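Enquirer: Have a look at this one.
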Amino acid sequence: DMMDYRDSDGFIAIGTHGAGIYTAYIGGDTIADTTDTTGNNPNNIAHNLGPTQLDVQVFPNPAADRTTFGFELNEKSKVVLWIYDRSGRRIAELGNSIMRKGFHRLQYDTSQLGAGIYLYSLTTETGKVSGKLVVN
């Protein structure tokens, strides 16, 4: 496997083909301690959301056939949500559009996914948050 996640403390490790090994602690509104094997952080994966709080509600999680990502924007912003499989491959892109201020929901059909842990990353103009999606 190219990706491993530890529930006890939110530690994740992702290995790529030729681009290094990345590690992170996923929890709350930050991803911390992310570097490749050379000590660089080329993708700026560590991102503290600072004064703009961005929370994502994933429900249901674990999911069987469908899940919904709910989030609130404090201002109009471009929003994109990516979903990654265990090997670190991007398997889905949701949103990728300008959304108005307020609460939004993005639905994703998980019925074609195998059981396991997937990662999501929601990026706006004011922040980024990542977490896990469990599919039964």
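Every read-out reported here was derived from the displayed coordinates using simple, explicitly stated rules and does not represent laboratory data. Nothing here was measured: the structure is a model prediction, and the numbers come from that model. When we count neighbours, we look across all protein chains shown, and the Cβ atoms used for this are built from the backbone with ideal geometry, even at glycine.
Enquirer: So what does log10 I(q)/I(0) come out to for region 62-121 at q = 0.19, 0.24, 0.27, 0.28 Å⁻¹, using the Debye formula with one equal point on every Cα and no solvent?
Expert: Log10 of I(q)/I(0), two decimals: -0.73, -1.01, -1.17, -1.22.
Enquirer: Taking neighbour counts of Cβ atoms within 10 Å as a proxy for exposure, in what order, fewest first, do 58, 129 appear?
Expert: Final ranking by Cβ density, sparse to dense: 58, 129.
Enquirer: Among the lysines, select those whose C-alpha is under 19 Å from the C-alpha of residue 132, and discard any that sit fewer than 8 residues away in the same chain.
Expert: Cross-link targets: none qualify.
Enquirer: Same structure, new question: In region 58-102, which GluC sites (Glu not before Pro) are in a loop and have at most 12 other Cβ atoms within 10 Å, using DSSP for the loop call?
Expert: Of the GluC sites (Glu not before Pro), the ones in loops of region 58-102 whose Cβ has at most 12 other Cβ atoms within 10 Å are 75.
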